[in-house]
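Trainee: What follows is a single structure, and I will ask about it in a moment.
What follows draws every value from the coordinates through simple rules; no lab data is involved. If you're wondering where the values come from, they're calculated on a predicted model, not measured in any experiment. Every residue, glycine as well, gets a Cβ built from its backbone with ideal geometry; the counts of neighbours run over all protein chains shown.
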Amino acid sequence: MMIKNCIIKIFFTVCILITLCNPAFSQSRKEKKAARAAELEQFVVNGIKNKDVYIDVYKICPQGQTTRSSSTGYYLSIKGNTFSCYLPYIGTYKTAVIGDVDLSITAKNQAISLAGGFNKEEKSFIYQFRFFNETMHENTSCTVQIYNDTECAMRMEMNSREPISYLGTMETRPSNTQEN
């Protein structure tokens, strides 16, 4: 009987200790999560303030088709007032394409004029600009939306093709890139 009472007391003591200590540990997790969110937000704000944005594309969203995962190597880059990108294109053309044509959207160190800023309703930075797609020799309108958690949405609009969107993450610029 005495052993049973001792085991019950130990069990209740352990339960009380777990109950009392749990909020301290969960607060630590919340603080870590909040600190990480603040760190990501500062990374985004610094990148935009310094005009140094590198977005790694991980999803391709063709209009009217299913979203597809992207292979590595596709990116969008803004450094200062110059723009570079290498993006795949999947979609429908409004003009005839003859032969084996590279359909990608490509630009290298083109001068651009960014318009936009922080949008309070969307809680993100939204910028628009135009550039010349070197692969298809066409003018392209680009909208880039960057959220504080480094997630990004991009939309490209061209006259001869359907618009296409991309999802990506803002990252530290790789050291091996020669663009911007």
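Trainee: Ranked by Cβ crowding within 10 angstrom, fewest neighbours first, how are I55, I90, I16 ordered? Write out the running numbers ahead of the final one.
Mentor: Details: I55 25, I90 13, I16 10.
The most exposed by this proxy come first: I16, I90, I55.
Trainee: Suppose only helical runs count, i.e. DSSP H with n ≥ 4. What mean residue ellipticity at 222 nm does that imply for the chain under -39500 (n - 2.57) per run, divided by all residues and rounded to the nearest 500 deg cm²/dmol? Mind dumping the intermediate values first?
Mentor: Details: 1 runs with 48 residues, N = 180.
Roughly -10000 deg cm²/dmol at 222 nm, from the helical runs in the chain.
Trainee: Give me the orientation-averaged projected area of the Cα convex hull of the stretch 118-175, in nm², one decimal.
Mentor: Taking the Cα atoms of the stretch 118-175, their convex hull projects to 5.1 nm² on average.
Trainee: Of (1) 15.0; (2) 10.9; (3) 16.7, which is the value of mean projected area of the Cα convex hull in nm² derived from the coordinates here?
Mentor: (3)
Trainee: Next question. Determine the alpha carbon to alpha carbon distance for each of K33/K79; K33/K123; K9/K30; K30/K123 and list only those over 24 Å.
Mentor: Beyond 24 Å between Cα atoms: K33/K79; K9/K30.
Trainee: Something else now. At 0.36 nm per residue, minus the direct Cα-Cα distance, what do K123 and D52 gain on full extension? Give it in nm, one decimal, please. List each step's numbers first, then the result.
Mentor: Working: separation 71, 0.36 × 71 = 25.56 nm, distance 1.98 nm.
The span from K123 to D52 would gain 23.6 nm if fully extended.
Trainee: Along the positive direction of the dipole of the stretch 46-170 (beta-carbon charges: Lys, Arg +1; Asp, Glu -1; about the Cα centre), which of S71, T106, Q128 reaches farthest?
Mentor: The residue sitting most towards the positive pole is Q128.
Trainee: Quick check on packing: order 131-139, 109-117 by the mean number of other C-beta atoms within 10 Å, highest mean leading.
Mentor: Descending packing order for the listed peptides: 131-139, 109-117.
Trainee: Taking 30 Å as R0, compute the FRET efficiency from the Cβ-Cβ separation of T67 and K30 and round it to 0.05. Walk me through the numbers before you get to the answer.
Mentor: Details: r = 32 Å, r/R0 = 1.08.
E(calc), rounded to 0.05, equals 0.40.
Trainee: Over the chain, what is the relative contact order in percent, taking alpha-carbon pairs closer than 8 angstrom and at least six residues apart?
Mentor: 22
Trainee: Mind sorting L87, L103 by how few other Cβ atoms lie within 10 Å of their own Cβ, fewest first?
Mentor: Details: L87 23, L103 13.
Going from sparsest to densest Cβ surroundings: L103, L87.
Trainee: Continuing with the same structure: Between K59 and E134, how many nm apart are label points set 7 Å from Cα along the C-beta direction?
Mentor: My value for the distance between the label points is 2.9 nm.
Trainee: Calculate the dipole size of the stretch 34-180 relative to its Cα centre from +1 charges on Lys and Arg beta carbons and -1 charges on Asp and Glu beta carbons; express the result in debye to the nearest 20.
Mentor: Here the size comes out at about 180 debye.
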